[in-house]
Amino acid sequence: MVYQGFYYLEQYMLLPEGFESFDAFMDDLKSRELPARYETLVLVENHHARNHSVIKGQSMAPYFLSGYHDDLSTIQITYPDQVYPVQVELIDQAEYNTRLRALINKYCPGCIKFKPLSNRVQSLNGHFEELPLDCTCLFREEIKPSRREMHSMLFGLGGSLNREKSRDQTKEDYLYILTLYLYLRYERAELTRENDTKYLTVTCKKKELLPPLLTNALETYTSSVTADACIIRPAVPFSCTEDTIHSLLSVKSQELYRKECKKYGVSLGCLEFDSAAQEELKESLSELVKRYWLFPLVEQSGKIWYLVTDHSHVLKELRYRSPLLQAKNATFTEYDQYDNLRYEISFLMKRTQVPNFA
């Protein structure tokens, strides 16, 4: 059944009982002393109800499952101007499975990850978190091999560095690990110790485009995740500007740029939006930055450039935030190993091709 709900601070909720419209709810909210409290149903995508090999209780907004945690919660709203209307659908697990199965059989053939479904519920696993009931799949791949994603490779690197931190690692050991996990090779490197912290200071090869950006990201990541083992940093601090990005995305650089996107598992993304919403949108996307899915590169009024380390998950997270992003007229343009696509951020994530810079 379809209900009127609202989105507030990365959460979906039904309108509290007694309100027939979003406008009526907002009129009441604005008349109250803040923070205002309401009893309502908070909607979540994952109820963590896995049963052995069967995924249960998992869906994708704006489609939510009933029958798991249907008790009302007391919520508190402090910022009425950050409440956005949304229509949601509540569905029981059996109906959700039936509708999802029909979509998979119709849409998923042709994807390199597709396996024909059996009659068992387990065969739906892997689709609950990737294919919403409006069929906006952001994980479909039709070209082999599957694309690399720097995000997962970063965590492989971090695990390796932290496991080996008790060993007396040499410069060559660290360079080998960087090549093994991230495919990065440097012109020169120097291993030093400063105040009980080890630093691997590296110099990028001149003929490559993306390693300076990746090394900046690597310094951010290792400073937080592997500081007890080793921090990797550039020999010469690299300052990224919009001119830098324009140069990377020029027609002249296109062939090498796409080759390196494929090699390193990254892309460049540009989020554009109403400039008045700058701080609200940065706060909303801060979780993606904290999880290293996005590394901010250049910020201007109404525009932020990012290094994207996981193409599909970033698009999925933007789609989840679409009540906010759509209200702020946000678009996301991604320049990856295959194409340049601009996404209108909504649940449908409509996309159009855009040219490189001249």
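Values computed for the structure shown
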{"quantity": "Verdict on CYS230 being open to solvent by less than 60 Å² (accessible area, probe 1.4 Å) and touching a residue at least 60 places away in the same chain (Cβ under 8 Å)", "calculated": "yes"}
{"quantity": "Any chance TYR84 is of a type in the set (Ser, Thr, Tyr), farther than 19 Å from LEU124 by Cα and in contact with a helix residue (DSSP H, G or I) (Cβ under 8 Å, 6 or more places away or on another chain)", "calculated": "yes"}
{"quantity": "All positions within region 256-300 that are of a type in the set (Gly, Ala, Ser) and closer than 23 Å to LYS205 by Cα", "calculated": "GLY265, SER267"}
{"quantity": "Any chance ASP173 is over 29 Å from the mean Cα position of the chain (by Cα) and assigned to a helix (DSSP H, G or I)", "calculated": "yes"}
{"quantity": "Conditions (1) in a helix (DSSP H, G or I); (2) modelled with pLDDT of 95 or more; (3) open to solvent by 40 Å² or more (accessible area, probe 1.4 Å): number failed by LEU154", "calculated": "(3)"}
{"quantity": "Pick from region 176-207, criterion in a loop (DSSP other than H, G, I, E, B) and within 28 Å of the chain's Cα centre (by Cα), ranking: surrounded by the fewest Cβ atoms within 10 Å (Cβ to Cβ)", "calculated": "ARG185"}
{"quantity": "Residue in region 332-343 that is among the aromatic types (Phe, Trp, Tyr), open to solvent by 10 Å² or more (accessible area, probe 1.4 Å) and out of contact with any Phe, Trp or Tyr (no Cβ under 8 Å at 6 or more places or on another chain) present", "calculated": "yes"}
{"quantity": "Failed item, numbered, when LEU210 is tested on (1) under 22 Å from the mean Cα position of the chain (by Cα); (2) modelled with pLDDT under 95; (3) open to solvent by less than 30 Å² (accessible area, probe 1.4 Å)", "calculated": "(2)"}
{"quantity": "From TYR320, TYR338, residue being farther than 24 Å from THR78 by Cα and of a type in the set (Ser, Thr, Tyr)", "calculated": "TYR338"}
{"quantity": "Subset of region 69-84 (residues that are among the hydroxyl-bearing types (Ser, Thr, Tyr) and open to solvent by less than 20 Å² (accessible area, probe 1.4 Å))", "calculated": "TYR84"}
{"quantity": "Segments classed as helices (runs of 4 or more DSSP H), wholly inside region 237-311, with at least 2 members that are open to solvent by less than 30 Å² (accessible area, probe 1.4 Å) and without any contact (Cβ under 8 Å) to a residue 40 or more places away in the chain", "calculated": "286-290"}
{"quantity": "Lone unmet requirement of (1) over 30 Å from SER31 (Cα atoms); (2) open to solvent by less than 70 Å² (accessible area, probe 1.4 Å) for GLU95", "calculated": "(2)"}
{"quantity": "Filter result for the condition that a residue is at positive phi, of a type outside the set (D, E, K, R) and modelled with pLDDT of 95 or more, over TYR292, TYR257", "calculated": "TYR292"}
{"quantity": "Candidates LEU41, LEU15 - the one that is within 23 Å of GLU280 (Cα to Cα) and modelled with pLDDT of 95 or more", "calculated": "LEU15"}
{"quantity": "Hits in region 113-136 (condition: touching a Phe, Trp or Tyr at 6+ places or on another chain (Cβ under 7 Å) and either among the hydrophobic types (A, V, I, L, M, F, W, C) or not in a loop (DSSP other than H, G, I, E, B) (or both))", "calculated": "LEU133, CYS135"}
{"quantity": "Failed item in (1) touching an Asp or Glu at 6+ places or on another chain (Cβ under 8 Å); (2) without any contact (Cβ under 8 Å) to a residue 60 or more places away in the chain, with THR170 passing the rest", "calculated": "(1)"}
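A quick yes/no check of all residues on (1) within 20 Å of HIS48 (Cα to Cα); (2) at pLDDT below 95; (3) open to solvent by less than 30 Å² (accessible area, probe 1.4 Å):
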position: VAL86; (1), (2), (3): no, no, yes
position: GLU89; (1), (2), (3): yes, no, no
position: LEU124; (1), (2), (3): yes, yes, yes
position: HIS127; (1), (2), (3): yes, yes, no
position: LEU133; (1), (2), (3): yes, no, yes
position: THR136; (1), (2), (3): no, no, yes
position: PHE139; (1), (2), (3): no, no, yes
position: GLU142; (1), (2), (3): no, yes, no
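Yes/no per residue for (1) under 23 Å from GLN11 (Cα atoms); (2) among the basic types (Lys, Arg); (3) open to solvent by 30 Å² or more (accessible area, probe 1.4 Å):
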position	(1), (2), (3)
ALA61	yes, no, no
GLY67	yes, no, yes
ARG101	no, yes, yes
ILE104	no, no, no
LYS113	no, yes, yes
ARG120	no, yes, yes
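The values are calculated or read from the model by the stated rules, or taken from the named source; none is laboratory data. Keep in mind it's a predicted model, so treat the numbers as computed, not measured. No Cβ is skipped: glycine too gets one built from the backbone with ideal geometry, and neighbour counts run over all protein chains shown. Ligands, DNA and RNA are excluded from the accessible area calculation, which covers all protein heavy atoms including side chains. Shrake-Rupley method; radii C 1.70, N 1.55, O 1.52, S 1.80 Å.
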